[in-house]
1. Calculate the tail of P(r) for region 54-145: the fraction of all Cα-Cα distances greater than 19 Å, expressed in %.
2. As a test of understanding, state the convex hull volume per residue of region 1-100 from its alpha carbons, in Å³.
3. How would you rank 54-66, 138-150, highest first, on the average number of other Cβ atoms within 10 Å across their residues?
4. Carbon and sulfur: what percent of the chain's accessible surface (1.4 Å probe)?
5. Rank-order 86-92, 156-162, 103-109 by packing density, defined as the average count of other C-beta atoms within 10 Å over each peptide's residues, highest first.
6. Out of every Cα-Cα pair in the chain, what percent are more than 28 Å apart?
7. Considering all projection directions equally, how large on average is the shadow of the alpha-carbon convex hull of region 7-61, in square nanometres?
Amino acid sequence: ATVQVDSIATSGYWMVGADGGVFSFGNASFAGSAAGTSLNAPIVGMAVAPHGSGYWLVGSDGGVFSFGSAGFFGSMGGKTLNAPVVGIAATPNGQGYWLAAADGGIFAFGNAPYLGSLPGDGVSVHDIVGIVATPSGGGYWLVGADGGVFAFGNAPYLGSLPGSHVSVSDVVAMASTPSGQGYWL
């Protein structure tokens, strides 16, 4: 099962399965995988290092696996979480990353700045499905299964599905435009 796709290469991309298997296509380089590794939890996200020379995988327990040029900066693996981790986003220079939990909790590692979270804002949600960093690394968006978008740091809020008369409950991911001035759900 493919859980997330991330792309940097001009004519390639990566896919990761819940078992940690990584599949590279086009000119996306393969740097290793967690397939065959005894995982404590399924893999739920992938983030690609600058220039596509490595990547991170994250499990729902917050465990992080780094491959290629992607450095390891810490994880939530082995720690008690209020909600499972649902995604990972890397800083633009690859020296840090954020983990997002289903309740909107954020965990920052390396040079990724903590810029707030939903539990910290008093918002009670349990359906966050992903995180996307701004191109500058000065902010991030969280997206919910209902299409709700939450902006932190320099991430601009540009709208979301709740309140737009569109009723959905199956949004699974979000992507930013290269400028960071738009996004897709």
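The values are calculated or read from the model by the stated rules, or taken from the named source; none is laboratory data. In this text, all values refer to a predicted model and were calculated from it rather than measured experimentally. For neighbour counting, all protein chains shown are included, and Cβ atoms are generated from backbone atoms with ideal geometry for every residue, glycine included. To get the accessible areas, we keep the full protein, side chains included, count just its heavy atoms, and leave off ligands, DNA and RNA. Shrake-Rupley method; radii C 1.70, N 1.55, O 1.52, S 1.80 Å.
1. On the way: 1387 of 4186 pairs.
In whole percent, the share of Cα-Cα pairs in region 54-145 beyond 19 Å is 33.
2. Details: hull volume 8.2 nm³, N = 100.
Output value, Cα hull per residue: 82 Å³.
3. Details: 54-66: 23.5, 138-150: 22.0.
Packing proxy ranking, top to bottom: 54-66, 138-150.
4. Numbers: 4530 of 8260 Å².
The C+S portion of the solvent-accessible surface of the chain is 55 percent.
5. On the way: 86-92: 24.4, 156-162: 14.6, 103-109: 21.3.
By packing density, highest mean first, the sequence is 86-92, 103-109, 156-162.
6. On the way: 2923 of 17020 pairs.
Within the chain, distances greater than 28 Å cover 17 percent of Cα pairs.
7. Working: hull surface 13.4 nm².
Taking the Cα atoms of region 7-61, their convex hull projects to 3.3 nm² on average.
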